[in-house]
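**Q** Have a look at this one before I ask anything.
The values are calculated or read from the model by the stated rules, or taken from the named source; none is laboratory data. Values in this document were obtained by computation on a predicted structure and should not be read as measured data. Please note: Cβ atoms are built from the backbone with ideal geometry, for glycine as well, and neighbour counts cover all protein chains shown. Side chains included, ligands, DNA and RNA excluded: accessible areas come from the protein's heavy atoms. Shrake-Rupley method; radii C 1.70, N 1.55, O 1.52, S 1.80 Å.
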Amino acid sequence: MITHTHPTLPEFDYIRPETLVEASEFLAQHSNEACPFMGGTDIFNRMRDGILAPKFLVDVKNLDGTNNLVFNPDAGLTLGAAVNMNRVIASPEVRIHYPLLVEACQSVASYQLRTRTTIVGNICNASPAGDAIGACLVLDGNLHIHGTSGLRKELLSTFFVEPGKTKLKPGDIVTGISFPLPPRGCVGKYIKLGRNKLSDLSIVGVTVLGSHEPNLLSGFHFRIVLASVAPIPLVAIEAETHLSQHTVTLESLRQAAFLASEASAPIDDVRGSARYRKLMVRNLTEIALIEVWKKLQK
Ligand SMILES: Cc1cc2nc3c(=O)[nH]c(=O)nc-3n(C[C@H](O)[C@H](O)[C@H](O)COP(=O)(O)OP(=O)(O)OC[C@H]3O[C@@H](n4cnc5c(N)ncnc54)[C@H](O)[C@@H]3O)c2cc1C
């Protein structure tokens, strides 16, 4: 990685297409030299640090429907890609029906930055540390994508390939993300361990969503996603399965937290060692599971 000692932005051309079709065509024609952007809080940093130097930055905000936040009591929630995190946090419908999304967005950076940051940007950046990704995964997010062949939908659960890489193809623009209605009475929790309370990426992030599920042996369904401990956001499947097949007790919750920690594959970096991260996955998953479990019993 080349890091500039005196960071400045490299020169680029700002492109503002009028339509999604125009935007996709431009991005496909300039696939090696053009990037789409939303809030720009990731991409401008990477350009400043010399990691990326696109010739064209394509502003895909303000294109058909990307600014909409729509809640339908039968179908669920659709967030346009350009909806910034402060709008998500302030939305009465999101606060009532998807409080976990609010909690996740509130953990990102600062109020000022959240006037720019978007959930879709957080997802498309494909950092394993993305704080909003866990909530979007446990809430079964479905991405709306416009490409050169038109519109399609893709499950978020199969979207990530490796750090910084997704299944998006040249010309693809994520126009929004939709969520079905969450399970009735579900309880969510996001715990972020960072070096400070504001503006730092997570050392470990644990998202838990619990709900009553009479069809499972235990009668409960727990979803668990871990941030910053694997190349891509990690669904702790063994831990989830354990809790669906065993009576939920403090003991089985602790065992699930252990399984989550075992599934994680963190690295050492400036924020924390792999060993510390693994231990923290166990501790924080246990705390999150117990909190969710207690609330589910009320
Ligand atoms: C000071 C600071 C603090 C931060 N703190 C946090 C934090 O606590 N937690 C956290 O998770 N992140 C943090 N970040 C990172 C960043 O703010 C978030 O990831 C944010 O959600 C990115 O959203 P954005 O709209 O700004 O993305 P952008 O920078 O616009 O885009 C990010 C990437 O996604 C691609 N992209 C964007 N929109 C689309 C689209 N519609 N279709 C296809 N590709 C697209 C871009 O090409 C780019 O590669 C921080 C950044 C800064 C500068």
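**Q** Residues of the stretch 241-298 being among the acidic types (Asp, Glu) and farther than 15 Å from Tyr190 by Cα, which ones?
**A** Within the stretch 241-298, Glu251, Glu262, Asp268, Asp269 meet the criteria.
**Q** Go through the stretch 79-92 and count every residue that is open to solvent by 10 Å² or more (accessible area, probe 1.4 Å) and either outside the structural domain of Ile119 (by TED's automatic domain parsing) or touching a residue at least 24 places away in the same chain (Cβ under 8 Å) (or both).
**A** 4
**Q** Here are some residues: Leu234, Leu193. Which one is touching a residue at least 12 places away in the same chain (Cβ under 8 Å), open to solvent by less than 50 Å² (accessible area, probe 1.4 Å) and under 21 Å from Val102 (Cβ atoms)?
**A** Leu193
**Q** Look through the stretch 95-107, keep the residues that are buried (at least 24 other Cβ atoms within 10 Å of the Cβ) and either under 9 Å from the mean Cα position of the chain (by Cα) or near the ligand (Cβ under 10 Å from one of its atoms) (or both), and return whichever of them is nearest to Thr207 (Cα to Cα).
**A** For the stretch 95-107, the residue satisfying everything is Ala104.
**Q** Before we move on, is Ser211 touching a Pro at 6+ places or on another chain (Cβ under 9 Å), in contact (Cβ under 8 Å) with a residue 60 or more places away in the chain and surrounded by fewer than 23 Cβ atoms within 10 Å (Cβ to Cβ)?
**A** yes
**Q** Return a yes/no flag: does the stretch 249-258 have any residue that is in a loop (DSSP other than H, G, I, E, B) and either within 16 Å of the ligand (Cβ to nearest atom) or out of contact with any strand residue (DSSP E or B) (no Cβ under 8 Å at 6 or more places or on another chain) (or both).
**A** Looking for residues that are in a loop (DSSP other than H, G, I, E, B) and either within 16 Å of the ligand (Cβ to nearest atom) or out of contact with any strand residue (DSSP E or B) (no Cβ under 8 Å at 6 or more places or on another chain) (or both), one finds at least one in the stretch 249-258, hence yes.
**Q** Separate question: Cβ-Cβ below 6 Å, separation at least six or inter-chain, first residue in the stretch 35-57 and within 18 Å of Leu20 (Cα to Cα) and open to solvent by 40 Å² or more (accessible area, probe 1.4 Å), second part of a loop (DSSP other than H, G, I, E, B) and within 10 Å of the ligand (Cβ to nearest atom): which pairs?
**A** What qualifies is Pro36/Val60.
**Q** A further question on this structure: Looking only at the stretch 221-260, which residues are among the small types (Gly, Ala, Ser) and under 24 Å from Gly194 (Cα atoms)?
**A** Ala227, Ser228, Ala230, Ala236, Ala239, Ala256, Ala257, Ala260
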